[in-house]
Amino acid sequence: MFNRKKAGMIGVIGLSAAIITGVAVSAYAETKAPNNASVQGQTVPEAQMNTAPSHEQLASRMAQQLGLDEKTQSKVSNLFEKDGKAIRTIQEQLHSTQVELSSLSPSSKNYMDKVDDLAERSGELTENLTIAFAKNRAGLYELLTPQQIEKLETPVQPQS
């Protein structure tokens, strides 16, 4: 069982991981398409913001940035595909839990019991999500050389 402090800490870690992923996806989307292109009435950046890049696109981008060979790129793509499915499943469960939590009314019978149960479930899912992100990162690092890891960890300086 989680105590509230531990669940809160895990929640912050999970939220941080989700924000980092969102920023990375946003940055990727902004670099890939011209602003005047259109997909079903939306500009391409808007359309790309509604869908995450595929595991192949992420692996291809990483291959370009880190100089991965085709074999390693394929392994990275497979890792992103497998782990991405698991991560999305946990994210969907967490979202459902949050929607259920926000739909509760304080005037409902057993309101606090339901909130307590959903908060505990949310904490467990957040812990699972944090671990899934960490396992994915560890799996990626196993595929890279020390030089590629260093390149990956070096912050990209914005171009002026």
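Suppose the filter is at pLDDT 90 or above and over 24 Å from SER54 (Cβ atoms); does GLU142 pass it? Can you show your working first?
Working: at pLDDT 90 or above: yes; over 24 Å from SER54 (Cβ atoms): no.
It is false that GLU142 is at pLDDT 90 or above and over 24 Å from SER54 (Cβ atoms).
I'd like the full set of residues that are under 12 Å from LEU129 (Cβ atoms) and open to solvent by 70 Å² or more (accessible area, probe 1.4 Å), limited to segment 60-88.
Within segment 60-88, ARG88 is the sole residue that qualifies.
Collect the residues in segment 59-80 that are over 17 Å from ALA138 (Cβ atoms) and not small (Gly, Ala, Ser), keeping them in residue-number order.
Matches in segment 59-80: ARG61, GLN64, GLN65, LEU68, ASP69, GLU70, LYS71, GLN73.
Does any residue in segment 54-75 that is among the β-branched types (Val, Ile, Thr) come within less than 6 Å, Cβ to Cβ, of a residue that is surrounded by 13 or more Cβ atoms within 10 Å (Cβ to Cβ) six or more places away or on a different chain, and which pairs are these?
Filtered contacts from segment 54-75: THR72/LEU143.
Which of the residues that make up segment 61-104 are of a type in the set (D, E, K, R) and assigned to a helix (DSSP H, G or I)?
Once the filter is applied, which keeps residues that are of a type in the set (D, E, K, R) and assigned to a helix (DSSP H, G or I), segment 61-104 yields ARG61, GLU70, LYS71, LYS75, GLU81, LYS82, ASP83, LYS85, ARG88, GLU92, GLU100.
The values are calculated or read from the model by the stated rules, or taken from the named source; none is laboratory data. In this text, all values refer to a predicted model and were calculated from it rather than measured experimentally. Methodologically, a virtual Cβ is constructed for each residue, glycine included, from the backbone with ideal geometry; neighbour enumeration extends over all protein chains shown. Accessible surface areas use protein heavy atoms only, side chains included; no ligands, DNA or RNA. Shrake-Rupley method; radii C 1.70, N 1.55, O 1.52, S 1.80 Å.
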